[in-house]
Amino acid sequence: MHLIHQTENGQIVQADKENCFYMTYKGMEYKMNVCSFIAFKSKIDTYNLELMLMSDVTKNDLEIIPLCNKDRFLVLTLEEMIEVKHLVQGALVMLELNSIVHQRINRANLV
Amino acid sequence: MKDLLRQRVAVQDSIIKKLNNQVKLEAQASAAYLAMAAWCDQNAYDHSAKFFYEQSSEEREHMMKLFHYISDMGGIAVSPAVAGSQSEFSSLKEVFETALENEINVTESINQIVSDCRKNNDFATENFMQWFVKEQVEEEFVIRRILDYFEMLGEDPKSLLMIDERVGGVSYGE
């Protein structure tokens, strides 16, 4: 298990043996394969937090976000949305960094 | 630590986002051409209507080509929401001028993707996008040439009829 990224209430780890990620947020654990993780990140990206913050409509205080294939749902307040967005985006940056490291090692081995 | 991301996805997230934007742009272009075809049909410009129906199908094919590529590379292809298209025009010339503006926007967007691919060393996507670069040269040429006819012949009814008849015959020869 490798810790990818963490915030105050959550963390994302990579399980190499299972080829998947585990996201833990406020005590709940969500297992995601790579495809589900990317789909979840794409879903999270579509929420315009700035717009939600500026809006007076009360329904914007709570969001229901389905995980891949609607197996489970995340019900998040606006504050939690900000944190989960940060958690997922941060994890993706770290994963991309890992890809760059792998790429550099591969290239060095080719020389 | 395994590189799970690279094992599953062959294209970077930032490029996938741009390709999805391009999917949307192609879908919008397809819808816009359909509206132009309808206007031409209503005003009895039969050849122009046929031209725009074909253009609309072509743009959809472009969209699907991008859509499949995103999926094949392991990305999430997003089915786009298309905004309303302009359906009222003051003249046939305006229709073609709007079409050229659309094509120029699409070209700019494609060029931007190619530029980003180069910056990110994404040679596969750059190679894939080259087909679109070539296609845009043709698309812009054809509409520009049709607009030349308006300059040459004017816009009186007889000229418009002549232009309409010539629309289907314009092609780009390299």
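What follows draws every value from the coordinates through simple rules; no lab data is involved. This structure is a prediction, so every number in the text was calculated from the model and none was measured. Glycine gets a Cβ as well: all are built from the backbone with ideal geometry, and neighbour counts include every protein chain shown.
Which of A:I105, B:I16, A:I65, B:I76 comes first, and how do the rest follow, when ranked by fewest Cβ neighbours within 10 Å?
Numbers: A:I105 11, B:I16 23, A:I65 16, B:I76 19.
By the 10 Å Cβ count, ascending: A:I105, A:I65, B:I76, B:I16.
Dividing the Cα convex hull volume of chain B by residue count, how many Å³ per residue is that?
Working: hull volume 18.9 nm³, N = 174.
Taking the convex hull of the Cα positions in chain B, it is 109 Å³ per residue.
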Simple SL model, points at 7 angstrom along Cα→Cβ for B:K17 and A:K17; separation in nm is 3.6 nm
Label-point separation (nm) for B:D72 and A:S55, each offset 7 Å from Cα along Cα-to-Cβ?
3.8 nm
Of every Cα-Cα pair in the protein assembly as shown, the percentage lying beyond 35 Å is 37 percent
For the stretch A:2-110: span of alpha carbons on each principal axis (Å, largest first)
57, 26, 25
Here FRET efficiency (C-beta to C-beta, B:K134 to B:E155, R₀ 30 Å, nearest 0.05) is 0.40
When the expected Rg is taken as 2.2 N^0.38 Å, what fraction or multiple of it is the alpha-carbon Rg of the stretch B:1-93?
1.43
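Go ahead and estimate [θ] at 222 nm for the protein assembly as shown from helices alone: -39,500 (n - 2.57) per DSSP H run with n ≥ 4, summed, over the residue count, rounded to 500.
Numbers: 9 runs with 183 residues, N = 285.
After summing the helix terms and dividing by residue count, I get -22000 deg cm²/dmol.
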Rel. contact order, % - alpha carbon contacts under 8 angstrom, at least six apart, chain B
26 percent
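Where does each of B:F67, A:F21 land when they are ranked from fewest to most other beta-carbon atoms within 10 angstrom? Kindly include the intermediate steps, with their values, before the conclusion.
Values: B:F67 21, A:F21 24.
Least to most surrounded, the residues fall as B:F67, A:F21.
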Tell me the label-point distance for the pair B:S91, B:K2, using the 7 Å Cα-to-Cβ offset, in nm and rounded to one decimal.
6.5 nm
May I ask you to sort B:V11, B:V133 by Cβ crowding, counting other Cβ atoms within 10 Å and putting the fewest first?
B:V133, B:V11
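Taking 0.36 nm per residue of separation and subtracting the Cα-Cα distance, what length does fully extending B:K50 through B:R118 add?
Details: separation 68, 0.36 × 68 = 24.48 nm, distance 3.78 nm.
Stretched out fully, the B:K50 to B:R118 stretch lengthens by 20.7 nm.
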Could you list which residues have their amide H under 5 Å from that of A:T7, counting only those 5 or more apart in sequence or on another chain, with H placed in the peptide plane?
none
At R0 = 51 Å the Cβ-Cβ FRET efficiency linking B:E101 and A:L3, nearest 0.05, sits at 0.50
If you line up the long axis of helix B:92-119 against the longest principal axis of chain B, both from Cα atoms, how many degrees apart are they, to the nearest 10?
20 degrees
